[in-house]
Each structure stands twice: as structure tokens, then as C-alpha cells.
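Undergrad: Sharing a structure, written as C-alpha cells. Questions coming.
Read the figures in this text as sums done on the coordinates, not as results from a lab. All figures in this text were calculated on a predicted structure; none of them were measured in a lab. Glycine also receives a Cβ, built like all others from the backbone with ideal geometry; neighbour counts cover every protein chain displayed.
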């Protein structure tokens, strides 16, 4: 039997106790069924976290996609939405182990009306996809000169 030290903070914060429970379940399934070990990696639990920033003349979208190659990613504009999808399949055939893993995700981001969809640019570096979404020229703020008479 495993002895657990009394910790009153567990009674106050149920989120911490859920995290402990998850760790125990991961440990149990990891030892009992080794096939499930990769199922809780970040790429499965939170696929492709996205941050969208608004700047004066454009929007910038950054997506963290570690473990994918550029050829595994697809970026499309469909009906006013930006659709980012990825599919990765890897195999490890060593002498002692034959293992394959597959990861797949799709994220859809509605585009603001002011984005010029024909001028979108994307760059993928070190697992981070940066998409530049420029605003249409007619929607950018402009300063109007005031005449004094």
C-alpha cells in the first residue's frame, strides 16, 4: 500500500488533484499498456496552439507546430476562413522495436473582413508557423489634412 502525505491544499484546489490523478493514470497505462505512452504528448492533447495579433497594417498569426515538416502542413483560405491542417506519419524500424506514429490536426480561423486574402504570406521556422495577414489598403487608417482658411 502506498502512503500519501496529508496535503490540505489538495482539498482547496481541485485542479491540482485532477493533475495528480492524470499523472497516476498516465503512469498506470504507461506501465500496463506501453502502446498508449505517446497518446498524452502535447501534440495530441493540444494540437497547434494559435496566437493572433493585430498590428496597425496587418494581423499576425503564430501557430506552434513542433514535430511537423513543412511538407506536412497545408494552409488554405476558404469562404473567409484560414484553414491550417497537418498530417504527419513517422515510422521507427529498429532491430528491437517497430513503431509508427501518426498525428493529424485541423484549425480554422475566421478572417476579419479587412484582410487582403490575396496577399497572405506564411513562414515556417523551428516548429513555429508565422502567417502575415495584411489589411486591404482601403481599410487602413489614413490621416486627412485639414486646410486652414
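Undergrad: Which FRET efficiency value, to the nearest 0.05, is calculated for residue 147 and residue 116 with the Förster distance at 41 angstrom and r the Cβ-Cβ distance?
TA: 0.85
Undergrad: Here's something else I'd like to know. Applying 1/(1 + (r/R0)^6) with R0 = 25 Å to the Cβ-Cβ distance of residue 138 and residue 83, what FRET efficiency is obtained, to the nearest 0.05?
TA: For residue 138 and residue 83, the calculated efficiency is 0.45.
Undergrad: Related question: Compute the normalised compactness of the stretch 47-139: alpha-carbon radius of gyration over 2.2 N^0.38 Å, N being the residue count.
TA: Compactness ratio reported: 1.31.
Undergrad: Can you tell me how much longer the chain between residue 24 and residue 125 gets when fully stretched, taken as 0.36 nm per residue apart minus their C-alpha distance, in nm with one decimal?
TA: 32.8 nm
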